[in-house]
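Peer 1: My structure is below; once you've seen it, I'll send some questions.
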Amino acid sequence: MIPALHRGAHPSVPRALAAILLALAALHAQAERIDGRVVTVADGDTIVVLDALKVQHRIRLGAIDAPEWSQPFGRRSRASLAQLIAGKTVQVQVDRLDRYGRSVGVVRLGEIDVNRMQIERGMAWWYRQYAGEQRIPDRLAYERAERDAHRARRGLWSDAQPVPPWTWRTRHR
């Protein structure tokens, strides 16, 4: 807790100040861009980036949801992402922090939108729940990428009845 600004301060002042600082931190995170080398690919939608100051950033690829590790295509999704960006320098446009403290955003390898590439390869779902956070052109591109992967039966779409990770997590808690 943040100490009172002066003696006799109202007890709600520290909470209000903490809320303001948290809001400012969230705004800073939204405007943040992280450039660095991908040092870990944890799964099909989570990586660790090492920046020039040798600070590690845990990144959740925004607007996609990859199969869980124990789910069909979970390991292949991770392998797809690793093949694309492991050891390479990427740029991350951070949109927000998630409840686990990870930076969430779009990962780019040059001009390539890595998040969308995972969808195009059939290695992740477009996470419609977060579509409202996307710019309209990105939302349309992600939707089209998923539709095209589904029609072509690429990756997870080759399964007769692929189970989205959000459903898988609920069933396996």
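The values are calculated or read from the model by the stated rules, or taken from the named source; none is laboratory data. Just so you know, these numbers come straight off a predicted model, no measurement behind them. Virtual Cβ from ideal backbone geometry, glycine too; neighbours counted across all protein chains shown. These area figures cover heavy atoms from the full protein model, side chains too; ligands, DNA and RNA do not enter into them. Shrake-Rupley method; radii C 1.70, N 1.55, O 1.52, S 1.80 Å.
Peer 1: Starting from the Cα of E133, step 7 Å along the direction of its Cβ; do the same at S70; then give the gap between the two resulting points in nm.
Peer 2: For the pair E133/S70, the computed spacing is 2.6 nm.
Peer 1: Now for a different question. From a point 7 Å beyond the Cα of R37 in the direction of its Cβ, which residues of the stretch 90-134 have a backbone N at a distance under 13 Å?
Peer 2: 90
Peer 1: How do the peptides 148-161, 94-107 rank, highest first, by the average count of neighbouring beta carbon atoms within 10 Å per residue?
Peer 2: 94-107, 148-161
Peer 1: Which percent of the accessible area of the stretch 57-138 is formed by carbon and sulfur heavy atoms (probe 1.4 angstrom)?
Peer 2: So the carbon and sulfur contribution to the accessible surface is 50 percent.
Peer 1: Report the full-extension gain for the segment V163 to L50: residue separation times 0.36 nm, less the Cα-Cα distance, to one decimal in nm.
Peer 2: 37.4 nm
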